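**Student:** For reference, the structure I am asking about is given below.
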């Protein structure tokens, strides 16, 4: 069945539809009804305007393409399975939560608390604004995308990021099995308490990066404005350029072109990490 060029404003207006297409429709109005497309299966929503709350909850096999989702479209995609979102512009908070098998491509989301507690999430060529991005989400792949928002990527597992720019802070805290390649990370306190975090060909700009890490690895990376780096961390790093200061690396080797200060004081565990400047071990 095809729903085309219709307007809906009542609660659950297209509840539980299956094997349907929704084309050029408007979900908005004075009645301000919630959950217009709840409990649906095998649906395509194309070129539509959605400005009602909780539109896609408990859905399965959903494709949303070229849609505008306004500010009142809060908590748009919750508890969905097999969700494909393409060319969507969304400004509603908490847009995606507790979904499985999600693909996002060519989208723009201005959404606080985006993507919490999801599993198997792929993002391509998209931009995001808002704090607490992807909290406690696992099995993530992100390419060619941007983020502006603090407290991102916390408590994530199994993440691959390539060619991205993130303006954030406190990113990757308590993360595990994360690989970041060819990317720029602007923000304070990156990577604290992480395990198996690897960065390759990246630029990291901000104070106190990578503290209390386990099995941290940096390859051909640049640390800008980085002071008190690597405190109490197990780290193997090959860095390009100058670092302001390195403090109490717990274990491993840090190769760097230049460092203004190496601090070994005020520690609970004796720091045994080596700092090697221009292939000479610092004392």
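The values are calculated or read from the model by the stated rules, or taken from the named source; none is laboratory data. Being a predicted model, the structure only gives us computed values, none of them experimental. Neighbour counts are summed over all protein chains in view; Cβ atoms, including those assigned to glycine, are modelled from backbone coordinates with ideal geometry.
**Student:** Confirm whether residue 141 is in a strand (DSSP E or B) and more than 15 Å from residue 45 (Cβ to Cβ). Steps first, please.
**Tutor:** On the way: in a strand (DSSP E or B): yes; more than 15 Å from residue 45 (Cβ to Cβ): yes.
Spelling it out, residue 141 is indeed in a strand (DSSP E or B) and more than 15 Å from residue 45 (Cβ to Cβ).
**Student:** Hey, another quick one. Do you know which of the residues in segment 176-200 that are in contact with a strand residue (DSSP E or B) (Cβ under 8 Å, 6 or more places away or on another chain) and assigned to a loop (DSSP other than H, G, I, E, B) is surrounded by the most Cβ atoms within 10 Å (Cβ to Cβ)?
**Tutor:** First, the residues of segment 176-200 that are in contact with a strand residue (DSSP E or B) (Cβ under 8 Å, 6 or more places away or on another chain): 176-187, 190-191, 194-200.
If we keep only those that are assigned to a loop (DSSP other than H, G, I, E, B) too, we end up with 182-183, 187, 190-191, 194.
Details: 182: 15, 183: 21, 187: 21, 190: 31, 191: 27, 194: 27.
Per the stated criteria, the residue is 190.
**Student:** State whether one or more residues within segment 123-137 are out of contact with any helix residue (DSSP H, G or I) (no Cβ under 6 Å at 6 or more places or on another chain) and either touching a residue at least 24 places away in the same chain (Cβ under 8 Å) or under 26 Å from residue 29 (Cβ atoms) (or both). First the steps, then the outcome.
**Tutor:** Taking segment 123-137 and keeping what is out of contact with any helix residue (DSSP H, G or I) (no Cβ under 6 Å at 6 or more places or on another chain), we get 123-137.
Pick out the ones that are also either touching a residue at least 24 places away in the same chain (Cβ under 8 Å) or under 26 Å from residue 29 (Cβ atoms) (or both) and you get 130, 133.
Yes - at least one qualifying residue is present in segment 123-137.
**Student:** Mind checking which strands (runs of 3 or more DSSP E) fall wholly inside segment 80-130 and carry at least 3 residues that are on the phi < 0 side of the Ramachandran plot and more than 15 Å from the chain's Cα centre (by Cα)?
**Tutor:** The qualifying strands (runs of 3 or more DSSP E) are 81-86.
**Student:** Here are some conditions: (1) crowded, with 16+ Cβ neighbours inside 10 Å; (2) part of a strand (DSSP E or B). Residue 227 meets all but one. Which one does it not meet?
**Tutor:** Residue 227 satisfies every listed condition except (2).
**Student:** Within segment 44-74, can you find the residues that are in contact with a strand residue (DSSP E or B) (Cβ under 8 Å, 6 or more places away or on another chain), under 14 Å from residue 27 (Cβ atoms) and assigned to a loop (DSSP other than H, G, I, E, B)? Walk me through it before giving the result.
**Tutor:** Of the residues in segment 44-74, the ones in contact with a strand residue (DSSP E or B) (Cβ under 8 Å, 6 or more places away or on another chain) are 44-52, 54-70, 73.
If we keep only those that are under 14 Å from residue 27 (Cβ atoms) too, we end up with 45-52, 54-57, 64, 67-70, 73.
Of everything in segment 44-74, those that are in contact with a strand residue (DSSP E or B) (Cβ under 8 Å, 6 or more places away or on another chain), under 14 Å from residue 27 (Cβ atoms) and assigned to a loop (DSSP other than H, G, I, E, B) turn out to be 47, 48, 51, 52, 54, 55, 67, 70, 73.
**Student:** Of the residues 89, 101, 82, 72, which single one is assigned by TED's automatic domain parsing to the domain that holds residue 24, surrounded by fewer than 16 Cβ atoms within 10 Å (Cβ to Cβ) and under 18 Å from residue 57 (Cα atoms)?
**Tutor:** On the way: 89 fails: under 18 Å from residue 57 (Cα atoms); 101 fails: surrounded by fewer than 16 Cβ atoms within 10 Å (Cβ to Cβ); 82 fails: surrounded by fewer than 16 Cβ atoms within 10 Å (Cβ to Cβ).
One residue alone meets the criteria, 72.
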